[in-house]
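The values are calculated or read from the model by the stated rules, or taken from the named source; none is laboratory data. Keep in mind that this is a model prediction, so the values were computed, not measured. Note: ideal-geometry Cβ built from the backbone for every residue, glycine included; neighbour counts use all protein chains shown. The area values use the complete protein model at the heavy-atom level, side chains included, leaving out ligands, DNA and RNA. Shrake-Rupley method; radii C 1.70, N 1.55, O 1.52, S 1.80 Å.
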Amino acid sequence: MTENTDDILTLLPSRLKEARRAQGLSLEAVANLSGVSRSMVSQIERGESSPTIATLWNLTRALQVDFAGLLDAKDTQDRIDILRSDDVPKIENMGHGCRIRILSPPEEAGGHEVYDIRFDKGGALISQPHTRGTLEQLTALEGDITVTSGNARNQLRAGDTARYAADVDHSITAPNGPARVFLIVKNA
């Protein structure tokens, strides 16, 4: 285990974030499991706050990681993190006739989000306005898609890309048949 206090304070935020990502947990889920507030977990992961021993203990138990092993010095530069297809998180309860896979890392939620969405014929993802200034970029990978943003409406075919405001009512639909899109959400 590392002996230098500065090393510990430098390693701890990234190690906790890595452990949370490895479990596929959101900040909210870790907060619920550990009893540590979501904002405190976020502050600790960003290195803006140093946890007490009790807080760190609760977090390591929630993340099912070894307390001492969390602080072991290790080389993390020469590696590739792989998330196998079956392990990609999914959103099951949004839209109608669509399946949403979350491709971006959990810590990017609310910042820069990436999704792979598959639509059945007639499938739709209808969204309320996001935070002011939020933009979406959608690329149609397969099939035909209709994109609506506010009062604007456009048709896309496979290979087409649309960029539009997502801080207004907006939707993505597949009216003519199955379709697949790659969606990037950039929150302001």
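Numbers for the structure displayed
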quantity: Accessible area expressed per residue, the chain, with surrounding protein chains retained (probe 1.4 Å, Å²); calculated: 60
quantity: Tail weight of P(r) past 27 Å, computed on alpha-carbon pairs of region 42-181, percent; calculated: 39
quantity: Highest-fluctuation residue, 116, 81, 144 considered, GNM on the chain with Cα pairs under 10 Å; calculated: 81
quantity: Computed over region 100-188, Kirkwood Rh from alpha-carbon pairs, angstrom; calculated: 12.9
quantity: Relative contact order (%) - region 91-165, alpha-carbon pairs under 8 angstrom, separation at least six; calculated: 24
quantity: Contact order normalised by residue count of the chain, Cα under 8 Å, 6+ apart, percent; calculated: 19
quantity: Tally of Lys pairs whose C-alpha atoms are under 25 Å apart, taken over the chain, 8 or more apart or cross-chain; calculated: 5
quantity: Rounded FRET efficiency, nearest 0.05, which uses the C-beta distance separating residue 14 from residue 39 and R0 of 22 Å; calculated: 0.75
